[in-house]
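Only one structure is covered here, and it is reproduced in the block below.
The values are calculated or read from the model by the stated rules, or taken from the named source; none is laboratory data. The model shown is predicted, which means the values in this text are computed figures rather than measured ones. When we count neighbours, we look across all protein chains shown, and the Cβ atoms used for this are built from the backbone with ideal geometry, even at glycine. For the accessible areas, the whole protein counts, side chains as well, though only heavy atoms, and no ligand, DNA or RNA atoms are used. Shrake-Rupley method; radii C 1.70, N 1.55, O 1.52, S 1.80 Å.
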Amino acid sequence: MSELYEQDYARWLFENAALLRAGRLEGLDAENIAEELEDMGRSEGRTVRSHFRVLITHLLKWEYQADQRSSGWRGSIYNARRTIERRLRESPSLRRRLREFIADVYPDGVFNAANETGLPESTFPERCPYSIDQLLSTDFWPDAG
């Protein structure tokens, strides 16, 4: 079964699913299943991080380039918040990692905001100026910096 994993991933998935449903645990490719499950968990974290990156980029742009605010930025901020909240409802254990995710992607958000606005990176705070509650609140819109 582990050879099938390398040769035909889709077939491997369906055959392992069929074995599970049939209760034939001895035929399962347990090692690769465990690896895939762990990767799925990591993927959820990567998705939340990615949406925080977009959210932070647009909040910084919103705050530091107030004269350029657009409905596109507003929509991007709103959609990132809603997507993060949905992911957290589906995987509540990710909430305990939000500070880590934000700290990880904040430098990317600064780079992106600087790149997109033409402002120097030094314009933006060294650490994320927004609390988790502010980042996730659809009512929070930072004032001009």
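Equivalent ellipsoid semi-axes for the chain, as square roots of 5 times the alpha carbon gyration tensor eigenvalues: give them largest first, rounded to whole Å.
Working: eigenvalues 343, 45, 34 Å².
In descending order the semi-axes read 41, 15, 13 Å.
Which trypsin sites (Lys or Arg not before Pro) does the range 1-67 hold that lie in a coil by DSSP with at most 16 other beta carbons within 10 Å?
Listed in order of number, the matching sites are ARG24.
For ARG87 and ASP139 in one chain, what is 0.36 nm times their gap in residues minus the Cα-Cα distance, to one decimal in nm?
16.8 nm
Filter the GluC sites (Glu not before Pro) in the range 46-145 to those in DSSP coil with at most 10 other Cβ atoms within 10 Å of their Cβ, and list the result. Spell out each step's value before the answer.
Working: sites: GLU63, GLU85, GLU90, GLU100, GLU116, GLU121, GLU126; in loops: GLU126.
Qualifying residues, ordered by number: GLU126.
From the helices alone, meaning DSSP H stretches of at least four residues, give me the mean residue ellipticity at 222 nm for the chain, per-run term -39500 (n - 2.57), in deg cm²/dmol to the nearest 500.
After summing the helix terms and dividing by residue count, I get -23000 deg cm²/dmol.
Report the one residue of ALA103, SER93, ALA114 whose Cα lies farthest in the direction of the positive end of the charge dipole of the range 66-145 (charges on C-beta: Lys and Arg +1, Asp and Glu -1; origin at the Cα centre).
Comparing the listed Cα positions along the dipole, SER93 ranks first.
What ratio of Cα Rg to 2.2 N^0.38 Å holds for the range 19-90?
Normalised Cα radius of gyration, the range 19-90: 1.75.
Testing the spin-label approximation: label points 7 Å from Cα along Cα→Cβ at GLU38 and GLU116. State their distance in nm.
Modelled inter-label distance: 3.5 nm.
Give a quick list of trypsin sites (Lys or Arg not before Pro) in the range 85-145 that DSSP marks as loop, anything other than H, G, I, E or B, with at most 14 other Cβ atoms within 10 Å.
Here the sparse-neighbourhood loop sites are ARG127.
Roughly how many whole Å is it from the C-alpha centroid of the range 20-34 to that of the range 126-144?
The range 20-34 and the range 126-144 have Cα centres spaced 45 Å from each other.
Accessible area per residue for the range 81-145 in Å², computed with a 1.4 Å probe and the full protein assembly in place, what is it? Show your work: numbers first, answer last.
Values: 4040 Å² over 65 residues.
It amounts to 62 Å² per residue over the range 81-145.
What's the FRET efficiency of ARG97 with ALA30 using the Cβ-Cβ distance as r and R₀ = 30 Å, to the nearest 0.05?
Taking R0 as 30 Å, the efficiency between ARG97 and ALA30 is 0.65.
Carbon-plus-sulfur fraction of the accessible area of the chain, 1.4 Å probe, in percent? Walk me through the numbers on the way to the answer.
Working: 4190 of 8920 Å².
On the chain, the fraction of accessible area on carbon and sulfur atoms equals 47 percent.
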